[in-house]
Amino acid sequence: MTDVEIEQENAAITKAYKELLKVSYRTLTTEDKKLIRKAFEVAVDAHKEQRRKSGEAYIFHPIAVAKIVAQEIGLDGTSIAAALLHDVVEDNEDYSIQDIEQLFGETVAKIVDGLTKISSLNKDMDVSMQAENFRKMLLTLNDDVRVIIIKIADRLHNMQTMESMRADKQVKIASETLYIYAPLAHRIGLYNIKTELEDLGLKYTEPEVYNDILLKMKESKEEQDLYIQEFNDVIKNSLDKENLNYDIKGRPKSIFSIRRKIVNQGVSFDEVYDKFAVRIIYKSDAANEKFLAWKIYSIVTDHFRPNPTRLRDWISSPKSTGYEALHITVMGPKGRWVEVQIRSERMNEIAEKGYAAHYKYKNKSEKEEDSLDSWINKLQEALENHGANAVDFVEQFKLNLYSKEIFVFTPQGDLKSLPKGATPLDFAFSIHTEVGMKTRGAKVNGKLVPLSHELKSGDQVDILTSESAKPNPNWLDYATTARARSKIKTALKESTKLVAEEGKEILRRKLKQLKITLNENSINEMVSYFKLKTSLDLFYRVGSGAIDNIMLKEYASSRSNAFVSYLKNKISRKANLSKEEIEKDEITNKYDLLVFGKEEEKLDYKLAVCCNPIPGDPVFGFLTVNEGIKVHKKNCPNAVSLQSNYAYRILSAKWIDSSQQEFSAQIILSGIDNLGLVNNITKLISANMHVNMKSISFQSDDGIFSGKINVVVKNKNLLTKLMNNLKKINGIDKVKRV
């Protein structure tokens, strides 16, 4: 570079720095300015040798990120300094985290350290590693939420300046942005940034679609402006009469959301009606804020007919991101539905800048700070479940990010926010883990409901608990939130372990009688013999009675020549089967039975040819006209159309492990009535592990006693054992199964 060029570049750097100080929408103290100046000088020094792919000096990137942090998000001086320094430690050996701490103090060092950790995660990985990275990244929230906010700003600037990258790199970064960073920005309440990230993500993942919509939106901009003018003219007089100080703006929907509507609703661009929203932003002091919002609402609805099902009152109960506004959809001029958003200036600032804007109003409303803390705590809970598979975790996390919220009340009248689709079980776990674990039932608005009942906004939920209640596998079908599911999974693992421990001892005793020692060798042999996956499966099945004496004797007799056949089998299998087929076989052995509907009935079915599901795949049943039930994979290409067009013909279906399936049976008893007989019977059944009593009825007729008991058991052996024990009760004469 020539001297002139260097001079020009330095002038541009200085100009960018001065702009940064200007754009911070909060007043920076002298201390802040000193801190930012020092951070700027260190960043300039650290990056002096570096250039970006586009050829410009690298320092422009940290300045741009700091600018987003200051202007778009409105964070404090500490964050602006940390944003300037975010790549210093990673890209320069002259500076360590210790140096940063000495120069800028502990807080800045902590944030920079968090950002360095995120950057050092390897970028070129498969999905599961990527998901693991994401989880690690979220764990840095533990240190400081500003780490994530600056990371989002960093990603936004990278997305804005990606033109000179290789196409495959662009697609990778854009996909990651749509997968991880856009949902995060949404959750922190950075709606403007989320929108820009989504649009840029689409620009690189589906450029033709993006450019097509962009062009059409430019063409329809003039028409949109005229429409807003027309809308404005109708209500202007009424608003002015009330001496309101307001501003009406049109806001085009994002390209990404229009694309989503086109895909989901199967319509063309012209058929998407609500391509923009009208926003009314009014000036108000804190005391009249709510009153004025409803006043504007009544004026708008005097002129335009509202759609009653589309009223959203986020003022009385703000979203958990802190978002406040009134949303109404009205029938505007020319018979078009228009979404009208009513916000005060304060609400508007929070909607655009997210949590950071709360700092500005911190003294007025400490509650906002609490909501930031509670948000971080919610995230921490989701992250603490280390046992989860990382991909499941990310998917679960994203579901919770994008989920629409509902608001329900506790019996004391406190408000709880839960994702749409939540059940009483989710509510129980959101109150406290202990409450969740001991849930026996639930009342919604005073009525008993099943645990799978879907809660609606405004419901009052009362959880009934019992010391003896404990999670069972069905709970995973009823729970939707990550917190509840992870706690239930952990509890189920624990109870499986207990049964397995008991099973191990039983197995040791039974093998001893068969002159076999329980050791690693014999365990591996049995796992292979019973076609199981792990020793835990083996012990669990022995403990629950699924593997009984007869089966163990068969194993013992096959054992003498087992080794030979095992080798033969292994050699022939290896030769003939691919790894995929072996895995497929293992899954088939594990989940070998398909059941339908809530009752988990066994019905005749055929597997659909279009998606060829195998045992273990998530599936659903479809009632065809001529061919009975056809089973499709949930991600089958035809699934969406079947589910939307023939919802009434869809049957829920799932694969279960037949050895762990439970069956209902009815036992009939008769005998001579005597005092305490009923008590003895119920006691015996309750004391029997692995047997659940569904219903019981007894009658006594002139000293003769007869009774019916409906029980749920895992297999016949358990039932036989139970019946033999019942026969031993004094006074009982006959016990038989219907």
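The values are calculated or read from the model by the stated rules, or taken from the named source; none is laboratory data. The structure presented is a predicted model; accordingly, all values stated were derived computationally and were not measured. Positions of Cβ are generated from backbone atoms using ideal geometry, with glycine treated the same way; all protein chains shown enter the neighbour counts.
Residues that are of a type in the set (A, V, I, L, M) and assigned to a helix (DSSP H, G or I) within segment 172-191 comprise ILE173, ALA174, LEU178, ILE180, ALA182, LEU184, ALA185, ILE188, listed in sequence order.
Beta carbons closer than 7 Å, at least 6 apart along the sequence or on distinct chains, pair a first residue in segment 1-17 that is more than 23 Å from GLN71 (Cα to Cα) with a second that is surrounded by 12 or more Cβ atoms within 10 Å (Cβ to Cβ) for GLU9/ALA57.
Going by what's in this entry, would GLY621 be described as at pLDDT 80 or above and under 26 Å from the mean Cα position of the chain (by Cα)?
Taking the combined requirement at face value, the residue satisfies it.
For segment 35-45, state whether one or more residues are outside any helix (DSSP H, G or I) and either among the small types (Gly, Ala, Ser) or under 17 Å from ASP99 (Cβ atoms) (or both). No, that holds for no residue. Scanning for something of a type in the set (Lys, Arg) and either assigned to a loop (DSSP other than H, G, I, E, B) or at pLDDT below 80 (or both), does segment 585-594 turn up at least one residue? Yes, segment 585-594 has at least one match. Report whether or not GLU206 is surrounded by 12 or more Cβ atoms within 10 Å (Cβ to Cβ) and within 26 Å of ILE73 (Cα to Cα). When the stated conditions are applied, GLU206 does not pass them. Of everything in segment 699-719 that is out of contact with any His (no Cβ under 8 Å at 6 or more places or on another chain) and closer than 19 Å to ILE547 by Cβ, the residue that is surrounded by the most Cβ atoms within 10 Å (Cβ to Cβ) is ASN715.
Return the residues of segment 279-299 that are of a type outside the set (A, V, I, L, M), over 31 Å from the mean Cα position of the chain (by Cα) and either assigned to a helix (DSSP H, G or I) or surrounded by 12 or more Cβ atoms within 10 Å (Cβ to Cβ) (or both); say none if nothing qualifies.
TYR282, LYS283, SER284, ASN288, GLU289, LYS290, PHE291, TRP294, LYS295, TYR297, SER298
Among the residues of segment 611-649, the ones that are part of a strand (DSSP E or B) and surrounded by 16 or more Cβ atoms within 10 Å (Cβ to Cβ) come to 9 in all. Just one of the listed residues (LEU455, LEU451, LEU476) is under 25 Å from ILE656 (Cα atoms) and in a loop (DSSP other than H, G, I, E, B), and it is LEU451.
Taken together, the residues in segment 310-337 that are modelled with pLDDT under 85, over 17 Å from ALA277 (Cβ atoms) and within 36 Å of the chain's Cα centre (by Cα) amount to 5. Within segment 178-191, residues that are buried (at least 21 other Cβ atoms within 10 Å of the Cβ) have Cβ atoms under 7 Å from residues that are of a type in the set (S, T, N, Q) in these pairs: ARG187/THR321; ILE188/THR321; GLY189/THR321, counting only partners at least 6 apart in sequence or on another chain.
Selection of segment 14-38 for residues being under 14 Å from HIS61 (Cα atoms) and surrounded by 16 or more Cβ atoms within 10 Å (Cβ to Cβ) yields ALA16, TYR17, LEU20. The set of residues from segment 230-272 being touching an Asp or Glu at 6+ places or on another chain (Cβ under 6 Å) and of a type in the set (A, V, I, L, M, F, W, C) comprises ILE255, PHE256. Tell me whether segment 147-154 contains one or more residues that are at pLDDT 75 or above and farther than 21 Å from GLU90 by Cα. Within segment 147-154, not a single residue is at pLDDT 75 or above and farther than 21 Å from GLU90 by Cα.
When segment 220-278 is limited to residues that are of a type in the set (Ser, Thr, Tyr) and in a helix (DSSP H, G or I), the one that is nearest to LYS290 (Cα to Cα) turns out to be SER238. Of the residues in segment 447-464, at least one is among the basic types (Lys, Arg), outside the structural domain of LYS654 (by TED's automatic domain parsing) and farther than 27 Å from TRP314 by Cβ. Among the candidates ALA653, ALA687, the residue that is within 27 Å of the chain's Cα centre (by Cα) and either outside the structural domain of ARG541 (by TED's automatic domain parsing) or exposed (fewer than 15 other Cβ atoms within 10 Å of the Cβ) (or both) is uniquely ALA653.
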